[in-house]
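Report on one structure; see the data block that follows.
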Amino acid sequence: MTLSLEQLSRCTVAVDLGAARTRVYLKDTGLVVDEPSLAAVNTRTGSLIAVGSLAEGMAGRTPGHIQVLRPISGGTVVDIDMAQRMLRFLVSDKIRRTWRRKPMLRAAVCLPHDAKPIAQRAAIETLSALGTRRVELVDTLIAAAVGCGLPVERPEATMIVVCGAASTQVAVLSLGAIVAAEKVQVGGDAIDYAVIQHLRSEHELMLPSQGLHPLHLALYSDRTTGGGGTETEVRGRDVATGLSRTVLVNTAHVREAIQTPLTAVLDAMGRVLRECPPDLVADLAERGVMLAGGSARLPGLDTMIEAATGMLVRIADQPDVCAVVGLGAMMEGKVKPLHLDPLAS
Ligand SMILES: Nc1ncnc2c1ncn2[C@@H]1O[C@H](COP(=O)(O)OP(=O)(O)OP(=O)(O)O)[C@@H](O)[C@H]1O
């Protein structure tokens, strides 16, 4: 992967192909697309019916011949053709209006820290749907750190935890590069799965695909009332009878159910810290940790990390769009490189 600010400044479009959401940032325009990475397809004709939030609204409610697909999984494009069609569809409106005369020959895309060459190739091919001839690949961790406003280019340690849908990436950065990093296949989806399993085993209830949002809200209000646990109503389908049923769920029990996936994130943070030189760890004790990614909004994640590591934890202002906003800032020249060779001037 490259991180040449000069090359990035020549790009006109930045893309984050996330497992949950696809985001597109246009140079000097801003974020133009922030939509679920979903495509609804008619399996009889192969035609695309809907993409983004429209397709999300169809999930779980489709007849047999319509399928809602996720062309991106774990930060990797798994269905290039579908991802291209989805991306083209998502941006076509905005491009036509604002960018008709500006070809998008150069693009930047952020990829997970450990993206394999095949995943890099898939991302480059997907972006060719926008007419790009050259694609700069940037590590999500660096892009997100820039997007959070961390002083990435300085000779001081900054720790970032990017909690996405399919994975969580942890890194310590200094002098514009990654000192140590880890990725675990635990993100918002694994946490949601733990909640779904809890409701299934404890309440014999199957949750509809969009039924988790009220529980997230309940966990949040639970935290603001001291975290002692409140009861919240959840509607779903009875596992045995198949009939619709409403149960009262204790938020404290839900919090316990999501501890297991969250422990994997803490373990990854521990491994990264152990790999870092002591001077950088001392910096981190002062500066703390920055949480980014959509799952950073998970109520109580920050306090749990704070309690386990003893470090100050901050959540980025817009945690979900940090990576693409960071790419945008680098494209627009808002990040100045540190000159490491003063003797040469
Ligand atoms: N308010 C919230 N409370 C809890 N979880 C949330 C909230 N908002 C978003 N999420 C979770 O954030 C995840 C999406 O995060 P994000 O948009 O960073 O993912 P992504 O970049 O598409 O995924 P990845 O980085 O794994 O490819 C989803 O799993 C979603 O459930």
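Things worth noting here:
- The C-alpha radius of gyration of the chain, expressed as a fraction of 2.2 N^0.38 Å, stands at 1.05.
- Over the chain, Cα pairs under 8 Å with separation of 6+ residues give a relative contact order of 19 percent.
- Distance (nanometres) between label positions extended 7 Å along Cα→Cβ at Ser73 and Arg314: 3.8 nm
- At an R0 of 41 angstrom, the distance between the Cβ atoms of Ser47 and Arg133 translates into a FRET efficiency of 0.90.
- About the centre of its Cα atoms, the chain shows a dipole size close to 1580 debye [charges on the beta carbon of Lys, Arg (+1) and Asp, Glu (-1) only; nearest 20 debye].
- Furthest towards positive pole of dipole, Ala145, Val135, Pro117, structure part segment 91-194, Cβ charges: Val135
- With a Förster radius of 30 Å applied to the C-beta separation of Ala264 and Ser201, the computed FRET efficiency comes to 0.90.
- Segment Ala177-Leu31, length gained on full extension (0.36 nm per residue, minus Cα span): 50.0 nm
Coordinate-derived values only; no laboratory data. On a predicted model such as this, the values are computed, not experimentally measured, just so you know. So basically every Cβ, Gly included, is an ideal-geometry build from the backbone, and we count neighbours across all protein chains shown.
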